[in-house]
Amino acid sequence: MTRAAVRWLAGVGILALAACGPAADPPALLLRGVQVIDGTGAPPTGPVTVIVRDGWIDGVVADSSVQPARGDRVIDLAGRTVIPGFVDLHVHFPPDSSVQDAMLHRLAEWGVTTVLNPGARVGSGVELRDRRAIGSPRIRTAGLILENAVGREGPLDWAVLVADSVDVREAVRAQVAQGVDFVKLYAGLGPDLVAAAVAEARSADVPVILHAGATGWRRAAELGVDMLVHAGYSSPMEELMDVPDPAPLSDPEWYAAYARAPEGRPFADVARTLMEREVVIVPTLSIMQAAAFADDLDLLASLRPELAPERDLPGWWGEGWERVHPQRGEVSGEEAALLKEVYWPALLDIHRAWWEAEVEMGVGTDVGNPWMTPGVSFHHELALYAEAGIPPLEVLAMATRNGGRALGLEEEIGVVAPGFRADLVVLTDDPSTDIAATRSIELVLVDGRVVVDRR
Ligand SMILES: [Zn+2]
């Protein structure tokens, strides 16, 4: 497919007005002859016709059982595969609204039809969510991230600093009043402050996201946190291991213990707690890979945005984008080797083990941070789960159905079935056996509108 053939159909809302008439049923869009991967992990079915009407999926039926009515549009898609639109559960937006719009445009081009902003950089995040344009990915948002004032020099432009549970409750109440969908907590918050935030957010029925640090994953799950983000450095490395007193990051023994973690009792205990408490984890493996391979310029070059003009990079990546990881330049050769050769394969193994233990996982990229690129990184993220040994259909379910569930939209998005929104991606290749086929995007529909057409 050629880039020039990509058509971005903005402003199609005017057409909807012209189409108003006395007919009982609005015209349908019929996607005919497609194989369907519905996003639940089930094997492909078809060929069938997917009937799209008024922004929703109206039917998934045998090709022979549907006759187009007058005004219906038929797209013949024999040999293609339709999947649900992707849900990226970790996209930060910079303050500049033109960059925000460019990011949303790229996300849709790569099939991402819903995103979660887990921590607005500036302001509430609600304004960006609510000024959504027709055909643009839908957004769910947290407000400014809550971080512990102790040990931080404020003010910060990405966080509201809280010193005690009174501060926490006040900050959560203010964000709820602004209309946030989630509350996001950061690494400095210990169990008391996490508990205060959960109590306040729960009273307003708002779920809580934690980037863990001072509170481990198991404790956070017990306290009622709904979503845990990031793997590796930002997640409970020590609580997964049989070593009571962790050694410095340069100690080979420490890495060996990390690699053994999935076989041990602590890992099984954490996994069972997460599973029982229905906590969703969003590992963001891509940015963990970029951090682990911080001295590997070839790998970093491979993460370079395919669609990113050089001038856009600082806008997308934010301040300090030229730095990949705080340790860059400070990592010894020995430690760099341990990161790449022991830590990184162990991290992939651990994620297969989470999946085997039936811990709910969703897909997020941490776009808005260095080396992550809107849309492109999402497909790289999917490839990493497949590399970890998770079957492609399960990876697709993580990227679609699980994303809908994580956002409380499980009856609306993430599945190709009647009654769900027509957020759809049509692929020329079949991703059920090769996850790389998710990149073979021919059509993208958001709310039933064709927003990308590369035919
Ligand atoms: Zn983030």
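The values are calculated or read from the model by the stated rules, or taken from the named source; none is laboratory data. Not measured: the values here are computed from a predicted model. Glycine gets a Cβ as well: all are built from the backbone with ideal geometry, and neighbour counts include every protein chain shown.
Assessment of the stretch 80-96 against the conditions (assigned by TED's automatic domain parsing to the domain that holds GLY55, over 17 Å from the mean Cα position of the chain (by Cα), away from the ligand (no atom under 16 Å from the Cβ) and part of a loop (DSSP other than H, G, I, E, B)) yields at least one matching residue. Hey, any hits in the stretch 292-306 for a residue that's modelled with pLDDT under 75, within 16 Å of the ligand (Cβ to nearest atom) and under 24 Å from GLY188 (Cβ atoms)? No; the residues of the stretch 292-306 include none that is modelled with pLDDT under 75, within 16 Å of the ligand (Cβ to nearest atom) and under 24 Å from GLY188 (Cβ atoms). Taking the criterion of being modelled with pLDDT of 90 or more, away from the ligand (no atom under 16 Å from the Cβ) and of a type outside the set (Phe, Trp, Tyr), the residues of the stretch 102-111 that qualify are LEU104, HIS105, ARG106, ALA108, GLU109, GLY111. The single condition among (1) within 25 Å of GLY55 (Cβ to Cβ); (2) within 16 Å of the ligand (Cβ to nearest atom); (3) at pLDDT below 95 that ARG131 does not meet is (2). Does LEU107 count as buried (at least 20 other Cβ atoms within 10 Å of the Cβ) and among the hydrophobic types (A, V, I, L, M, F, W, C)? Criteria met by LEU107.
Quick one: in the stretch 227-260, which of the residues that are at negative phi and within 16 Å of the ligand (Cβ to nearest atom) is modelled with the lowest pLDDT? Result: SER234.
When you look at LEU409, is it surrounded by fewer than 23 Cβ atoms within 10 Å (Cβ to Cβ), in a strand (DSSP E or B) and within 21 Å of the chain's Cα centre (by Cα), yes or no?
Details: surrounded by fewer than 23 Cβ atoms within 10 Å (Cβ to Cβ): yes; in a strand (DSSP E or B): no; within 21 Å of the chain's Cα centre (by Cα): yes.
For LEU409, the condition - surrounded by fewer than 23 Cβ atoms within 10 Å (Cβ to Cβ), in a strand (DSSP E or B) and within 21 Å of the chain's Cα centre (by Cα) - is not met.
Taking the stretch 391-406 as the range and being buried (at least 24 other Cβ atoms within 10 Å of the Cβ) and not in a helix (DSSP H, G or I) as the test, only THR400 passes. Test TRP371 against the criterion of being within 16 Å of the ligand (Cβ to nearest atom) and under 17 Å from the mean Cα position of the chain (by Cα), and give yes or no. So TRP371 fits the description; yes. Being of a type in the set (Ser, Thr, Tyr), without any contact (Cβ under 8 Å) to a residue 12 or more places away in the chain and either in contact with a Lys or Arg (Cβ under 9 Å, 6 or more places away or on another chain) or not assigned by TED's automatic domain parsing to the domain that holds GLN289 (or both) is a condition met by at least one residue of the stretch 203-211.
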